[in-house]
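The values are calculated or read from the model by the stated rules, or taken from the named source; none is laboratory data. All values reported here derive from a predicted model rather than from experimental measurement. Positions of Cβ are backbone-derived with ideal geometry, glycine not excepted, and every protein chain shown enters the neighbour counts.
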Amino acid sequence: MKANRLALLVAVIVVLTYGVIYPNAAVVVSSFQRAGSWTLTNYREILSQRSVLEAIVNSLGLSIGTVVLCALVGVPLAFLFERYTFPGRRLFAAVAALPLVLPPLVGTVAFIFLCGESGILAHSIQNLFRLQNPPWRLAGWPALLLFHTYTMYPFFYVLTGAGLRRIDASLAEAARSLGGSRTFVFTRVLVPQLTPSLIAAALLTFMTSMASFSAPLLFGGRVRVLTLEIFTARQRGDMTVAVTETVVLAVISLAALIVFQRYEGTRKFAAATMKGAPRRRVTIASGKARALAGAAAIVFAIVLVLPVATLFLVSFAREGSWTTQTLPAEYTFANYQRIFAEPYAAEVFFNSFSMSAIAALAALAWSFCVVTLLVRRARGKAAFLGQGGRRLLSLLILVPWALPGTVVAVSTAEAYGQPSWLLGSFVLVGTFWILPVIYFLRFMPLVVRALQASMEQLDPALEEAAGSLGARAWQRFVRVTLPLVWPGALAGTLLAFVIALGEYVASVLVFVPDNRPISIAIASELRDFNLGAAAAYGVVLIVIISVSMVIAGKLERTR
Amino acid sequence: MPLLSLQNISRHFGSTRAVAGVSLDVAQGEFFGLLGPSGCGKTTTLRMIAGLEQPDSGSISLHDKDITDLPPERRGFGMVFQNYALFPHLNVFENFAFGLSAHHAAKADISERVRSALELVQLPGYEKRAIDELSGGQQQRVAIARAIAIEPVLLLFDEPLSNLDVSLREETRSELRELVTRLGLTAVYVTHDQEEAFALCDRISVMVGGRLMQSGRPRELYEEPADIAVARFLGRNNLIRAVRLSSSKTSDGEFKTLEGGHTLHVPVTPDDLAPLNKPVVLAIRPEHVRLSLNHDGAPNALRGVVREIVFAGATSTVRVDAGGLLIEALLVQPDGLRINQECTLILRGDKLRLLREA
């Protein structure tokens, strides 16, 4: 028993060493080296370049701006939809998290079709007012902030909503019975209780925004951000700059992760230990307010769905039929026929499916190994690892998730680009395996977290009961634990699979030409102005993701 | 003039009627209990008193002033919640000080009053403790002291002892009563535990199904339940279905039991004479049933067979089958009784009560 766990621990350490520690260490080391000797020259050089400093400042500024805007949108929406009930509430609630499941590249493309200077909105205004030029250009700060707010506000909406649901309703009542006015209760009870949720949302938004790549690439205009700088440095072969900037980006992201983890561990605020009064949603009684809230629900729901609807529409547009008109003039199935029938266009589905499946299944197996080491199995019985060990393990597993895709791709490519004394002739770059490995590293934390959550919800008494009935360790696992945690683990695996399916940020850095994933095909169709085909790929991805999310949701509920 | 007065208040949740036309008065200095089974509307009534729920109809007044529409923070009632509702992000001191700073009390005044409140509930030196470092009993006392610290006009309790274990519950119960009396406070106390209500309250109203069934001193309620619902809820009762015999016109009503066909004599006042030939319910407490092994010529003596003897420490419950009528008797020492033994039950006429249907 103990020997099995030890073997497991060794295996986990090996994977983490090769997958997380070594590549990141390799990047850090090479950022401090020049011609084989240790030096700070790289940092001195890149930090004296205006463009690099600008990229750092832009990335930070964009992320902070994104956090503020997302909070301004997400928090009021969460209050409105979590605390009140009115006609139309469900309509919005159903699509509120839609942007979260949209692959960033697909979202970017949809945004261009909708809001770009030759998109539906700009065209309709131009045609309506008979303007000479498009009324705006989708570029630079406003474009990036708008897109980021659209895609990342759900962090605030979802987490604030969850925070509000968790707050014991009797706390606010107690505060009022003690003489606190509404505003007093809001600032002294509600806000402190919500703080952890707000901080978690802010950090998630910050990290996601730091990692954002597709939008700065496609409509960032002159706003250079770190991810983009790293990409262009690599494209022009300036590895020193790419690697050094990667370290800077990684340090900022990891700092956010560490703060995030500290706050997530603060359980005191949750106060879930006591039985609380359930919070009922308040029905909005006043007719005007009801109408206003209902209208807001409908408007926001439309705003959320519009980019996706646009993508659907464009995917049926005949190539070349959409130039100056508000909407495409002719519709056809040809785009779909092409991407499925043409071997060169269709092979990307097979590529992405196989690479994502390999990564997701590996993550599933891996999550069982890790969670066995992480979770306390029975009451009183100490976990296999001490608290420090478990914390370190959790942190190492979260690192590739917290790091921007750009960083993971650069560090993996840097570490496994050429044979070395540690690896022998083990080279990943340029092989089929580089992307599945990167997908695995980036998305396995999702599976681990899903399984860990299921395991922790499991009542230890169940296994104890099985043991008292005479079941051996493997029988307890197969007949009690596995059936109960399986749905959660599978839902996590499915999530990792669909996210890998639409991955672009890391893929674009290291993909192999004869093994292109779907996202690369979308980008190249867009570059060739095959808008319909790019949209059709996006629609296929969205359909696959939606179906998978429905299945994952069903699985979660059967827990 | 009562301190608090509810006039005919009602509250619906959707189509369910939680509280239906409740009227009651609470006098200054009174410890008033609202007692009833779970879901009877007692907590909703309390929350309407606190201002946390609005009644659909009816009014609430304090010192004869209508407070129905007054928000909770302006009523000045302290409330102790079932789950205590202590603020988990604040320590003990800050929990106490919350109500005082909401009332804009001076800083020095606050720390002075917090110190005396902590002494009041025997937790001196606990100011800096986090809430989750306190035991359940200590949290309980902090919750009570927090409500008392604002010097409330009225203290409201929503089953405050139900999360404590039995021994702690009885201890806290007497402390609580002592504290309220010492400070001369008026309290409304909601509970489903009749023993708790009897021990604590000066006066009790029993609520069933959203209605106030009966109000009175604990002993009155226990000995003279007005109807079947109250009798069922307050302690154990033998409920005997019977019809009044037509031959009896005097105050000594003559009844024939539906089960067993026994004849029982019950003194009834002329104004609540039961209608003839319609089933009524007669109630008698198990402790008022006498049990004898001999034939007995006493009135209301029924022959029966011992079916079950349940030992419960100080007393034992004996279940006797009297020709199809099952009667429970509470005995201090059921010596010499055996299962299937023949015996005589004596139901004292003055302890038999005629109940109206709810």
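Among (1) over 24 Å from B:SER167 (Cβ atoms); (2) more than 13 Å from chain A (Cβ to nearest Cβ); (3) buried (at least 18 other Cβ atoms within 10 Å of the Cβ), there is one condition B:ARG141 misses while meeting the rest; what is its number? So B:ARG141 meets the others, but not (1). Restricted to region B:144-189, and to residues there that are basic (Lys, Arg) and away from chain A (no Cβ under 14 Å), the residue that is surrounded by the fewest Cβ atoms within 10 Å (Cβ to Cβ) is B:ARG182. The residues listed here are A:LEU198, A:LEU190; of these, the one that is without any contact (Cβ under 8 Å) to a residue 40 or more places away in the chain, surrounded by fewer than 22 Cβ atoms within 10 Å (Cβ to Cβ), in contact with a helix residue (DSSP H, G or I) (Cβ under 9 Å, 6 or more places away or on another chain) and farther than 17 Å from A:PRO99 by Cα is A:LEU190.
Of the set (1) within 23 Å of the chain's Cα centre (by Cα); (2) without any contact (Cβ under 8 Å) to a residue 40 or more places away in the chain, all apply to A:ARG90 but (1).
Condition check: at negative phi and in the same structural domain as B:LEU212 (by TED's automatic domain parsing). Does B:GLY39 satisfy that? No. Summed over region A:456-485, residues that are in contact (Cβ under 8 Å) with a residue 24 or more places away in the chain and either exposed (fewer than 11 other Cβ atoms within 10 Å of the Cβ) or within 18 Å of A:CYS369 (Cβ to Cβ) (or both) total 5. Scan region A:429-438 and tell me whether some residue there is closer than 29 Å to A:THR17 by Cβ, surrounded by fewer than 17 Cβ atoms within 10 Å (Cβ to Cβ) and touching a helix residue (DSSP H, G or I) at 6+ places or on another chain (Cβ under 6 Å). For region A:429-438, residues closer than 29 Å to A:THR17 by Cβ, surrounded by fewer than 17 Cβ atoms within 10 Å (Cβ to Cβ) and touching a helix residue (DSSP H, G or I) at 6+ places or on another chain (Cβ under 6 Å): present. Note on region B:68-113: residues that are within 9 Å of chain A (Cβ to nearest Cβ) and part of a loop (DSSP other than H, G, I, E, B) total 14.
Listed here are the residues, each with its yes/no results for (1) outside any helix (DSSP H, G or I); (2) in contact with a helix residue (DSSP H, G or I) (Cβ under 8 Å, 6 or more places away or on another chain); (3) at pLDDT below 85.
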site: A:GLU82; (1), (2), (3): no, yes, no
site: A:PHE111; (1), (2), (3): no, yes, no
site: A:GLU117; (1), (2), (3): yes, no, yes
site: A:LEU121; (1), (2), (3): no, yes, no
site: A:SER124; (1), (2), (3): no, no, no
site: A:LEU138; (1), (2), (3): yes, yes, yes
site: A:TRP141; (1), (2), (3): no, yes, no
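Selection over region A:525-558 of residues that are of a type in the set (A, V, I, L, M), over 22 Å from A:ALA309 (Cβ atoms) and either out of contact with any Leu (no Cβ under 6 Å at 6 or more places or on another chain) or in a loop (DSSP other than H, G, I, E, B) (or both) gives a count of 1. Based on what the data block shows, is B:PHE198 more than 20 Å from B:ARG47 (Cα to Cα) and out of contact with any strand residue (DSSP E or B) (no Cβ under 6 Å at 6 or more places or on another chain)? It is true that B:PHE198 is more than 20 Å from B:ARG47 (Cα to Cα) and out of contact with any strand residue (DSSP E or B) (no Cβ under 6 Å at 6 or more places or on another chain).
Any residue in region A:265-274 that is buried (at least 21 other Cβ atoms within 10 Å of the Cβ) and either in the same structural domain as A:ALA409 (by TED's automatic domain parsing) or modelled with pLDDT under 90 (or both)? For region A:265-274, residues buried (at least 21 other Cβ atoms within 10 Å of the Cβ) and either in the same structural domain as A:ALA409 (by TED's automatic domain parsing) or modelled with pLDDT under 90 (or both): present.
Checked against the criterion of being within 16 Å of A:THR406 (Cα to Cα), free of Cβ contacts under 8 Å to residues at least 24 places away in the same chain and among the basic types (Lys, Arg), region A:236-259 contains one or more residues that satisfy it. A count restricted to region A:304-345 and to residues that are touching a residue at least 12 places away in the same chain (Cβ under 8 Å) and in a helix (DSSP H, G or I) stands at 17. Would you confirm whether or not region B:71-86 contains a residue that is under 16 Å from A:ALA174 (Cα atoms) and surrounded by fewer than 17 Cβ atoms within 10 Å (Cβ to Cβ)? Within region B:71-86, one or more residues are under 16 Å from A:ALA174 (Cα atoms) and surrounded by fewer than 17 Cβ atoms within 10 Å (Cβ to Cβ).
The condition of being surrounded by fewer than 19 Cβ atoms within 10 Å (Cβ to Cβ) and either more than 30 Å from A:GLY88 (Cα to Cα) or modelled with pLDDT of 90 or more (or both) does not hold for A:ALA363.
Please pick out the residue among B:SER162, B:SER174 that is assigned by TED's automatic domain parsing to the domain that holds B:HIS63 and more than 17 Å from B:TYR84 (Cβ to Cβ). One residue alone meets the criteria, B:SER174. Among the residues of region B:280-330, those identified as touching a helix residue (DSSP H, G or I) at 6+ places or on another chain (Cβ under 9 Å) and assigned to a strand (DSSP E or B) are B:VAL281, B:ALA283, B:ILE284, B:VAL289, B:THR315, B:THR317, B:VAL318, B:ILE327, B:GLU328, B:ALA329, B:LEU330.
Residues being farther than 16 Å from A:LEU249 by Cβ and under 23 Å from the mean Cα position of the chain (by Cα) are represented in region A:21-37 by at least one member. Within region A:441-458, the residues that satisfy the criterion of being out of contact with any Pro (no Cβ under 9 Å at 6 or more places or on another chain) and part of a helix (DSSP H, G or I) are A:LEU446, A:VAL447, A:VAL448, A:ARG449, A:ALA450, A:LEU451, A:GLN452, A:ALA453, A:MET455, A:GLU456, A:GLN457. All of A:VAL20, A:VAL52 fail the test of being in contact with a Leu (Cβ under 7 Å, 6 or more places away or on another chain), crowded, with 17+ Cβ neighbours inside 10 Å and either assigned by TED's automatic domain parsing to the domain that holds A:ARG527 or under 22 Å from A:LEU228 (Cα atoms) (or both), apart from A:VAL20.
Look at region A:1-12: where a residue is at pLDDT 80 or above and among the small types (Gly, Ala, Ser) and a partner is surrounded by 11 or more Cβ atoms within 10 Å (Cβ to Cβ) and part of a helix (DSSP H, G or I), sitting 6+ places away or on another chain with Cβ atoms under 7 Å, you get A:ALA11/A:CYS369.
Note on region A:185-230: among residues that are closer than 24 Å to A:LEU254 by Cα and in a loop (DSSP other than H, G, I, E, B), the one that is farthest from the other protein chains (Cβ to nearest Cβ) is A:ARG224. When restricted to residues that are among the β-branched types (Val, Ile, Thr) and facing chain A (nearest Cβ under 8 Å), region B:36-67 contains 0. Before we move on, is B:GLY235 at pLDDT 90 or above and among the small types (Gly, Ala, Ser)? No: the conditions fail for B:GLY235. A count restricted to region A:224-239 and to residues that are aliphatic (A, V, I, L, M) and touching a Leu at 6+ places or on another chain (Cβ under 8 Å) stands at 4.
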